[in-house]
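Peer 1: Would you mind keeping the following structure in view while I ask a few things?
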Amino acid sequence: MNKKGKEINNVVFSNFLNVKYLPEEDLYLYKKEPAKYKFNVIGAGMIAQEHMRVTMLEGRGIIHGIYDRSQYSINQAQKMFGELYPDINLKVYEDLTSACNDPEVDGLIICTPNYAHMEIVREAVKSGKHILMEKPMVTTLEDAYEMKKIAESYKATFQVGLQYRYKAIYTEARKEALDNKALGDIKTISIVEHRVPFLDKVDQWNKFSEYSGGTLVEKCCHYFDLFNLFAQSNPKYVYAVGGQNVNFVDFEYKGKKSDILDNAIVTVVYENGVKCSFNLCMFAPMFYEEITICGDEGRIRAYENENYLPEEGSQTHFEMMCATHRPSVISTPCYPKIIQSSGHTGGTYFEHRYFIDNIEGKETDTATIEEGFWSVVVGIAAEESALTGEIVYIDELLAKYENQ
């Protein structure tokens, strides 16, 4: 049988079609090549299971095994994986060291709760294996510096999972605003996230700032990464107001009272003068994201919307209004349904695609450890500002750590 050329991705699109009636020797378009890489997943909860499914969907890698301290999470991950991929024997490790150092494995996908990331990485890097670290990479400034130092000297791939930058609406915005310079010089950026409350997690760790880093670190590092990306500069100062006004106000877990923000308005001003605003509401009956970028030659507005109403509209929207130098655009950016529904509107799929590209030495635009660092720094500054009511100057915030 001839080697396949540039046909459509057979692994992804074979999910739409029944090809099981054919013997292996008669498959051409939908013949699956053997996976080149084996990955272990550290953590087996909801996001870990998404990573497991997307790894298999992308096709160049395979999930070899999992490790988690929670037997219930392990059981659920085994059940999910077994139903989808009954021909694969998923290995379960008894301890972290074994999971990190299995010689059969090429890389590690770290999906533990935020507060455990630093502990996991200290062990994981001893293996020398490729690492995909879920966001936020850490929850404190001290850990941010430590992880940055570790990753910068690490020989294998060390990728931070800020996958929102790969969503279709942000990919289109980046192409026009940064690559094509369609807006001229960017002056202001605004992002809105209105959504339902934080979902349930094992031990409810995401209801407590001590474990999550706070809402503006845990969830909003994605949006601060986008601010940093589009501003093309380092943040100068941050001012935020916020509160816990609706969600989990009376919630306690093992005697500990929830303390996370459920709404906030954050202003970030950059060294090059770009001004950004972020509007968060986590008690809205929808999942809605919107970005507006204004330059001196035009404006982009794009959004995603899932609102559970009976009238089905477009899930995504993109519009670029230009002056007289180029056409304006109205479009509906999207990926194939199987990709878009696989996680974070397709962002997770491309996160994995680029992870393997990075392993193979190909050029990608995945978040660097430096970009992961700054996404956390802005989140930490925003949390501090919301708590104190004061403007937080980034150089002063970093100096506090450096002078300790």
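The values are calculated or read from the model by the stated rules, or taken from the named source; none is laboratory data. In this text, all values refer to a predicted model and were calculated from it rather than measured experimentally. So basically every Cβ, Gly included, is an ideal-geometry build from the backbone, and we count neighbours across all protein chains shown. Side chains are part of the model used for accessible areas, which takes the heavy atoms of the whole protein and leaves out ligands, DNA and RNA. Shrake-Rupley method; radii C 1.70, N 1.55, O 1.52, S 1.80 Å.
Peer 1: From the phi angles alone, apply the Karplus equation (6.51, -1.76, 1.60; θ = phi - 60°) to the stretch 41-51 and give each ³J(HN,Hα) in whole Hz, x where the residue is Gly or Pro.
Peer 2: 10, 9, x, 9, x, 4, 5, 4, 5, 4, 4
Peer 1: Turning to a different aspect of this structure: Report, for the chain, the % of DSSP beta bridges that are antiparallel, rounded to 5.
Peer 2: If I count the DSSP bridges inside the chain, around 65 percent turn out antiparallel.
Peer 1: If you don't mind, another one. Top mean-square fluctuation among Glu312, Glu383, Glu193, Gaussian network model of the chain, C-alpha springs under 10 Å?
Peer 2: With Cα springs under 10 Å in the chain, the top fluctuation among Glu312, Glu383, Glu193 is at Glu312.
Peer 1: Holding the Cα-Cα limit at 31 Å, pick out from Lys175/Lys400; Lys201/Lys337; Lys167/Lys257; Lys135/Lys362 the pairs that are longer than that.
Peer 2: With Cα atoms farther than 31 Å apart: Lys175/Lys400; Lys167/Lys257.
Peer 1: Return the lysines within reach of Lys31: Cα separation strictly under 17 angstrom, same-chain partners fewer than 8 residues apart disregarded; answer none if there are no such residues.
Peer 2: Lys3, Lys4, Lys6, Lys20
Peer 1: May I pose another question? When the accessible area of the stretch 11-162 is computed with all protein chains present and a 1.4 Å probe, what percentage of it is carbon and sulfur?
Peer 2: Roughly 50 percent, rounded to a whole number.
Peer 1: Next question. Express the accessible area of the stretch 11-162 per residue in Å², computed with a 1.4 Å probe while the remaining protein chains stay in the model.
Peer 2: 48
Peer 1: May I ask you to derive the relative contact order of the stretch 11-162, considering only C-alpha pairs under 8 Å and at least 6 residues apart, and to give it as an integer percent?
Peer 2: 21
Peer 1: Only Lys, Arg, Asp and Glu count, each charged at its Cβ (+1, +1, -1, -1), so figure out the dipole size of the chain about its Cα centre, rounded to 20 debye.
Peer 2: 800
Peer 1: Compute a Gaussian network model of the chain, connecting alpha carbons closer than 10 Å, and tell me which residue from Gly61, Gly184, Gly361 fluctuates the most.
Peer 2: Greatest mean-square fluctuation among the candidates belongs to Gly361.
Peer 1: Continuing with this model, one more query. Taking H placed 1.01 Å from N in the peptide plane, check which residues at least 5 places from Ile131 or on another chain put their amide H under 5 Å from its amide H.
Peer 2: Leu108, Thr157, Phe158, Gln159
Peer 1: Over the stretch 182-320, what relative contact order in percent results from Cα pairs under 8 Å that are six or more residues apart?
Peer 2: Here the relative contact order equals 35 percent.
Peer 1: Now a separate question. Provide the per residue accessible area, probe 1.4 Å, for the stretch 233-333, rounded to a whole number of square angstrom.
Peer 2: That works out to 54 Å² for each residue.
Peer 1: In addition: Let me check against my output: what whole-number percent is the relative contact order of the chain, with C-alpha pairs under 8 Å and at least 6 apart?
Peer 2: RCO, the chain: 18 percent.
Peer 1: In debye, nearest 20: dipole of the stretch 11-162 around its Cα centre with unit charges on the Cβ of K, R (+) and D, E (-)?
Peer 2: 220
Peer 1: Provide Tyr354, Tyr393, Tyr308 ordered by accessible surface of protein heavy atoms (probe 1.4 Å), highest first.
Peer 2: Largest to smallest exposure gives the sequence Tyr308, Tyr393, Tyr354.
Peer 1: Report the Cα centroid-to-centroid distance between the stretch 364-396 and the stretch 77-137 in angstrom, as an integer.
Peer 2: Here the two parts' Cα centres lie 27 Å apart.
Peer 1: Now for a different question. Using packing as a proxy for protection, rank 213-226, 162-175, 315-328, 32-45 so that the peptide with the highest average count of other Cβ atoms within 10 Å comes first.
Peer 2: 213-226, 162-175, 32-45, 315-328
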